[in-house]
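Engineer: Right, I'll just put the structure down here and ask away after.
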Amino acid sequence: MPPIPGSGLAKGLAVTLRTMTKRAHTAQYPEVQPELPPRSRGVIGLFEENCTVCMLCARECPDWCIYIDSHKETVPAATPGGRERSRNVLDRFAIDFSLCMYCGICIEVCPFDALFWSPEFEYAETDIHELTHERDKLREWMWTVPAPPALDPAAEEPKEIAAARKAVEKAEATAAAAAAAAAAQAEAAPPADGTPDTPAGGTA
């Protein structure tokens with residue numbers, strides 16, 4: 001059956017009429033800030049204290065937008081006769097957000113939780129060079145990272161926490177047993193002057 005002439009126009013007008021009767025939900029940005037979910041990919045924050053300069057984030061970045069410079073320092077031996085060790089010291093950590101595609105690979109591969117997503121997104125610049133955030137700027141973004149969600153009370157206890165709790169309980173039980181044994185031994189030991197114990201009211 002061929003379509004009725006003008007049916008497509010009628011359907012389009014029907015959609016327009018239905019839309020006109022509904023109230024529009026328009027957020028007046030920037031006067032009204034959007035409520036973004038905590039896991040929004042806005043900007044990356046750096047927790048410098050956790051960074052070990054392993055370079056994993058820079059090597060895995062598909063856009064090569066992470067720049068890291070470091071140097072080695074010698075750490076003296078902690079004990080006499082010990083061996084000196086060397087450690088990496090971070091000199092520069094920068095991310096060029098004009099190249100970043102917000103894939104999050106750098107955050108996922110970081111073995112020491114030094115990089116975090118922040119929902120902040122208002123960092124547009126008129127100069128493209130200003131989109132390269134050095135480590136001081138990345139540290140400022142760190143304070144806008146939301147707290148992690150609360151743990152599910154019905155979830156299974158992590159293996160690491162369970163093992164640590166069992167170790168503490170075992171150590172406490174061992175210490176209690178040793179204290180009870182020491183107390184029993186002290187009660188059974190004769191007096192220090194060598195005189196035997198006599199019951200109250202008895203004769204020696």
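The values are calculated or read from the model by the stated rules, or taken from the named source; none is laboratory data. This is a predicted model, so every value here is computed, not measured. Positions of Cβ are backbone-derived with ideal geometry, glycine not excepted, and every protein chain shown enters the neighbour counts. Ligands, DNA and RNA are stripped out before the accessible areas are found, and what is left, the full protein with its side chains, is counted by its heavy atoms. Shrake-Rupley method; radii C 1.70, N 1.55, O 1.52, S 1.80 Å.
Engineer: For the chain, evaluate the Debye formula with one uniform point scatterer on each Cα (no solvent term) and list log10 I(q)/I(0) at q = 0.12, 0.13, 0.15, 0.18 Å⁻¹, rounded to two decimals.
Structural biologist: -0.92, -0.98, -1.09, -1.25
Engineer: Using a probe radius of 1.4 Å on heavy atoms only, what accessible surface per residue do you get for the chain? Whole Å² is fine. Numbers along the way, then the final one.
Structural biologist: Values: 15930 Å² over 204 residues.
Ligands and nucleic acids excluded, the result is 78 Å² per residue.
Engineer: Taking θ = phi - 60°, what integer Hz values does the Karplus form 6.51 cos²θ - 1.76 cosθ + 1.60 yield along the range 32-40, in sequence order, with x for Gly and Pro?
Structural biologist: Values, residue by residue: 10, 6, x, 9, 8, x, x, 8, 5 Hz.
Engineer: Can you list which of the trypsin sites (Lys or Arg not before Pro) found in the range 57-151 are DSSP loop residues with at most 13 other C-beta atoms within 10 Å? If you can, show how the numbers build up before the last one.
Structural biologist: Working: sites: ARG59, LYS72, ARG83, ARG85, ARG87, ARG92, ARG135, LYS137, ARG139; in loops: ARG83.
Listed in order of number, the matching sites are ARG83.
Engineer: What nm distance separates the two modelled labels at ALA189 and LYS159, each placed 7 Å from Cα along Cα→Cβ?
Structural biologist: Going by the 7 Å Cα→Cβ label model, 4.6 nm.
Engineer: Quick one: order PHE47, PHE93 from most to least accessible surface, probe 1.4 Å.
Structural biologist: On the way: PHE47 60, PHE93 5 Å².
From most accessible down to least: PHE47, PHE93.
Engineer: Would you pull out the residues with amide H under 5 Å of THR132's amide H, same chain only if 5 or more places away, H placed 1.01 Å from N?
Structural biologist: The answer is PHE97.
Engineer: Ignoring ligands, DNA and RNA, please state the percent of accessible area on the range 66-196 from carbon and sulfur, probe 1.4 Å.
Structural biologist: Numbers: 5630 of 9720 Å².
The value for the range 66-196 is 58 percent carbon and sulfur by accessible area.
Engineer: About the Cα centre of the chain, how large is the charge dipole given +1 on each Lys and Arg Cβ and -1 on each Asp and Glu Cβ? Please answer in debye to the nearest 20. Each step should come with its number before you reach the end.
Structural biologist: On the way: 19 positive and 30 negative charges, 204 e Å.
About 980 debye.
Engineer: Residue farthest toward the positive end of the dipole of the chain, with Cβ of Lys/Arg at +1 and Asp/Glu at -1: which of CYS51, LEU9, ALA147?
Structural biologist: LEU9
Engineer: Run the numbers for ALA181 and MET20: contour at 0.36 nm per residue of separation, minus the present Cα-Cα distance, in nm.
Structural biologist: Details: separation 161, 0.36 × 161 = 57.96 nm, distance 8.60 nm.
Residue separation times 0.36 nm, minus the Cα-Cα distance, leaves 49.4 nm.
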